[in-house]
Amino acid sequence: MSAALFEPLQLRGLTLANRIAVSPMCQYSANEGSATDWHLMHLGNFSLSGAGLLINEATAVEPAGRISPGCLGLYSDGNETALSRVLKFCREISDIPIGIQLAHAGRKGSAERPWEGRGPIAEDDDRSWVTEAPSAVPMAENWPKPHALSQDEMARIQASFVTSTERAVRLGYDLMELHYAHGYLIHEFLSPIANKREDEFGGDLENRMRYPLSLFDAVRKVWPDDKPLGVRLSATDFAEAGWQIEDSVVLSKALQARGCDYVTCSGGGVSFDQQIDLQPGYQMPGAEAVKRETSVPVMAVGMIRDPKFANKIIESGKADMVALARGLLYEPRWPWRAAHELGVDIPYPPQYERSMPGAWPQAFPELVD
């Protein structure tokens, strides 16, 4: 049998074996931005997931671009060397394409790891740093006021994205995703909730898109032509007077015209006043709108755990890919189950072939009545 979820997808020179992606998932387990044995285990595990694509977690382009002191970075030689070790391991055990998501946390940086408090690190704590944002508007009342970026400082951050991209090129990543979502720096420029600037980078939609588009152009120039470059958006802020789905359609068209190869439609993160009705596929309205109104390939996210539901998303043309995060943390071989439930045969690592449904009676006939 065939199923839309397991059809291949071509993005520039990269062919994905199926439409399932391992979403970037922060692990908060780096040392001064450098990957550790945890990342070796985490990414190595998902290299054997059966997904068509693995994207490693939001990776900061500067130390101040990290969410927490434990977040991954690609801003130093040490960071590059540590990631090289992890990638070498993954590639020795799997041929899964591996992507990287580059990010800057903006005003949501200098935060505690989730299991240590989630909120901002106290400003008098040696681990804290001054955060940066489009405007001096704090995330919430109990968060510190960020430093409002000058245009020279914006140029510095854009250059950091380029430098980290050059490092990713040397590491041989197959795909790159830029993080324009979840209330982090580039999303802050897009959203009128966080962007109160009065220069050409603030105000109307065209101005608020100006810096994100400039940054994309700079990265596209140094990222290889034969490798896909995508963007993760918060398709909506889920908040009044915030970024809306129709804005994401406009931005997606502008990105595609500049060589963007896919858009991941997530949502929220820029305001604690967001109102979200959590249910399977709750992010789908944004993905459907971008897919309907543009021709850019779309990756859908948001509690997509039922294989038949995931397949229906692709089959009905509402998106081109689905990405799982928490669902894969709980069930790292979810693509295997999805294939079985949809009646599709997919390859297993030979060391694991005896776990395939139907293999046990052949391997252990003495256990069959």
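The numbers here are math on the coordinates, done by the rules we state, and not lab data. Note that the coordinates shown come from a computational prediction; the quantities given were computed from them, not determined experimentally. Because the Cβ atoms are built from the backbone with ideal geometry, glycine has one as well, and the counts that use them run over all protein chains shown.
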**Message:** Taking 8 Å as the Cα distance limit and 6 or more residues as the minimum spacing, I'd like the relative contact order of the chain as a percentage.
**Reply:** 17 percent
**Prompt:** Once the other residues with Cβ under 14 Å from the Cβ of Trp223 are scored (Lys, Arg +1; Asp, Glu -1), what is the net sum?
**Reply:** 0
**Fill in**
If amide H atoms are modeled at 1.01 Å from N in the peptide plane, then the residues at a separation of 5 or more from Thr264, or on another chain, having amide H under 5 Å from its own are Val231, Arg232, Leu233, Met299
**Complete:** Computed on Cα atoms only, the convex hull of region 185-297 has an orientation-averaged projected area in nm² of 7.3 nm²
**Message:** If I take the Cα coordinates of the chain and project them onto the principal axes, what are the three extents in Å, biggest first?
**Reply:** 75, 43, 39
**Asked** Which percent, nearest 5, of DSSP beta bridges in the chain are antiparallel?
**Response** 15 percent
**Cβ crowding within 10 Å averaged over residues, with 334-341, 14-21, 277-284 ranked highest first** = 14-21, 334-341, 277-284
**Request:** Sequence neighbours fewer than 8 away in the same chain don't count; with that in mind, list the lysines whose C-alpha is under 29 Å from Lys88.
**Result:** Lys221, Lys227
**Item:** Around Ala82: net Lys/Arg minus Asp/Glu count, Cβ-Cβ under 13 Å
**Value:** -1
**Zone residues, region 292-327, relative to Glu7, backbone N less than 13 Å from point 7 Å out along Cα-to-Cβ** = 311-321
**Prompt:** Residues with amide H under 5 Å of Ala111's amide H, sequence separation 5 or more or different chain, H placed in the peptide plane at 1.01 Å from N; which?
**Reply:** Ser68, Ile121
**Request:** Compare the Cα positions of Gly343, Gly269, Gly70 along the charge dipole of the chain (+1 at Cβ of Lys, Arg; -1 at Cβ of Asp, Glu; about the Cα centre) and return the one farthest towards the positive end.
**Result:** Gly343
**Item:** Cα gyration tensor shape of region 234-346, rounded if a/c is under 1.5, else prolate or oblate by comparing a/b with b/c
**Value:** oblate
**Prompt:** Relative to the longest principal Cα axis of the chain, at what angle does helix 284-293 sit, 0 to 90 degrees, rounded to 10?
**Reply:** 80 degrees
**Request:** Under a cut-off of 20 Å between alpha-carbon atoms, report the lysines in cross-link reach of Lys312, not counting same-chain residues fewer than 8 places apart.
**Result:** Lys291
**Fill in**
Filtered hits (lysines, Cα-Cα < 19 Å from Lys196, offset >= 8 within chain) -> Lys108, Lys145
